[in-house]
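The values are calculated or read from the model by the stated rules, or taken from the named source; none is laboratory data. Predicted, not measured: the structure shown is a model, and the values here were computed from it. When we count neighbours, we look across all protein chains shown, and the Cβ atoms used for this are built from the backbone with ideal geometry, even at glycine.
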Amino acid sequence: MAQISNDFRAQLVALCDDQFASVLHDSDFVSGVIFAVCAAPEIPMPDIWLSWAFNQHGQLASEEEANNIADALMIALQEQLREISAETFDYPMKSEALPKQPSKELPVSRWLKGLVFGHSQLEQLWESCWQQVASQQSDKLPKLQTNLKHCLMMFTTFANVPLALEQAKRVGNTKLVENIDTIFKSLPSALKTYVDIAGELAQFLPDQFETFVQPTSEH
């Protein structure tokens with residue numbers, strides 16, 4: 001299998017954390033958003049998802065800047081799609097262990113916040129998938145929904161590790177507290193499951209571009 005370049009991540013760092021830091025979310029968050037878009041059962045049109053990269057705190061100086069940002073994000077999308085196609089699921093800290101005292105601003109946490117945010121923006125699309133599965137092959141529904149729920153719980157857990165551990169201790173969930181490091185190592189498997197679920201659902205939505213309407217919720 002050919003080695004996939006990580007250059008697009010370096011370009012996102014330059015774009016989001018340097019050149020346009022006043023108007024874009026940080027590069028880890030944006031990369032997570034792009035993963036969610038690429039992994040969706042049907043990829044939304046650019047005019048829908050490109051705005052999710054913006055934090056709305058700043059203002060662009062020109063239309064040319066907006067076009068440059070859009071071009072860079074579209075390149076990142078294409079590169080992320082290639083990775084997913086090759087079943088390469090890269091993210092910040094993939095080869096690292098969790099720190100003994102993890103903060104809520106770990107790079108992997110920012111990435112997962114972007115993924116969870118992107119998924120939430122696409123909830124209507126996912127809901128359309130469930131409706132189609134229910135009407136065509138309802139026997140598949142319980143397992144798919146259970147697996148997706150497990151994935152999203154993992155993503156949310158590591159999007160804010162201190163909060164997840166605090167909540168686990170409060171309710172007596174010693175399994176999470178004691179096995180947090182091991183569970184973190186299984187994140188690539190959860191990402192693959194997430195992508196596989198979307199792939200199964202995509203088979204039920206041949207005309208999704210015509211039926212998908214952008215949700216109005218904001219980050």
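Any idea which residue in the range 179-194 is nearest to ALA86 (Cα to Cα), counting only those that are in contact (Cβ under 8 Å) with a residue 12 or more places away in the chain and among the polar types (S, T, N, Q)?
Among residues in the range 179-194 that are in contact (Cβ under 8 Å) with a residue 12 or more places away in the chain and among the polar types (S, T, N, Q), the one nearest to ALA86 (Cα to Cα) is THR193.
Six or more apart or on different chains, Cβ atoms under 6 Å: show the pairs whose first residue is in the range 161-178 and within 19 Å of ARG110 (Cα to Cα) and whose second is in a helix (DSSP H, G or I) and at pLDDT 95 or above.
Close Cβ pairs satisfying both conditions: ALA164/THR157.
Given the criterion more than 16 Å from the chain's Cα centre (by Cα) and either modelled with pLDDT of 95 or more or surrounded by 12 or more Cβ atoms within 10 Å (Cβ to Cβ) (or both), identify the matching residue among ALA76, ALA66.
That would be ALA66, the only listed residue that is more than 16 Å from the chain's Cα centre (by Cα) and either modelled with pLDDT of 95 or more or surrounded by 12 or more Cβ atoms within 10 Å (Cβ to Cβ) (or both).
For GLN19, indicate whether it is modelled with pLDDT under 95 and at positive phi.
Considered against the rule, which asks whether it is modelled with pLDDT under 95 and at positive phi, GLN19 comes out as no.
Return the total of residues in the range 79-94 being in contact (Cβ under 8 Å) with a residue 24 or more places away in the chain, farther than 14 Å from GLY114 by Cβ and not in a loop (DSSP other than H, G, I, E, B).
5
Tell me whether the range 97-105 contains one or more residues that are hydrophobic (A, V, I, L, M, F, W, C), over 15 Å from the mean Cα position of the chain (by Cα) and buried (at least 19 other Cβ atoms within 10 Å of the Cβ). Give the steps one after another, and end with the answer.
First pass over the range 97-105, keeping only residues hydrophobic (A, V, I, L, M, F, W, C): 97-98.
Filter once more, so that each one left must be over 15 Å from the mean Cα position of the chain (by Cα): 97-98.
The next check asks that each one be buried (at least 19 other Cβ atoms within 10 Å of the Cβ); those that pass are none.
No, because not a single residue in the range 97-105 is hydrophobic (A, V, I, L, M, F, W, C), over 15 Å from the mean Cα position of the chain (by Cα) and buried (at least 19 other Cβ atoms within 10 Å of the Cβ).
Which residues, taken from the range 116-147, are part of a helix (DSSP H, G or I) and either acidic (Asp, Glu) or under 18 Å from VAL33 (Cβ atoms) (or both)?
VAL116, PHE117, GLY118, HIS119, SER120, GLN121, GLU123, GLN124, LEU125, TRP126, GLU127, ASP139 - these are the residues of the range 116-147 that are part of a helix (DSSP H, G or I) and either acidic (Asp, Glu) or under 18 Å from VAL33 (Cβ atoms) (or both).
Taking only the range 95-115 into account, find how many residues are part of a helix (DSSP H, G or I) and without any contact (Cβ under 8 Å) to a residue 12 or more places away in the chain.
0
Can you find, within the range 196-214, the residue that is modelled with the lowest pLDDT among those that are surrounded by fewer than 18 Cβ atoms within 10 Å (Cβ to Cβ) and among the β-branched types (Val, Ile, Thr)?
THR211
GLN132 passes all but one of (1) over 13 Å from the mean Cα position of the chain (by Cα); (2) surrounded by 14 or more Cβ atoms within 10 Å (Cβ to Cβ); (3) at pLDDT 95 or above; which number fails?
Against the list (1) over 13 Å from the mean Cα position of the chain (by Cα); (2) surrounded by 14 or more Cβ atoms within 10 Å (Cβ to Cβ); (3) at pLDDT 95 or above, GLN132 comes up short only on (3).
Of the residues ASP47, ASP28, ASP18, ASP71, only one is part of a helix (DSSP H, G or I) and touching a residue at least 24 places away in the same chain (Cβ under 8 Å); which?
None of the others qualify; the one that does is ASP28.
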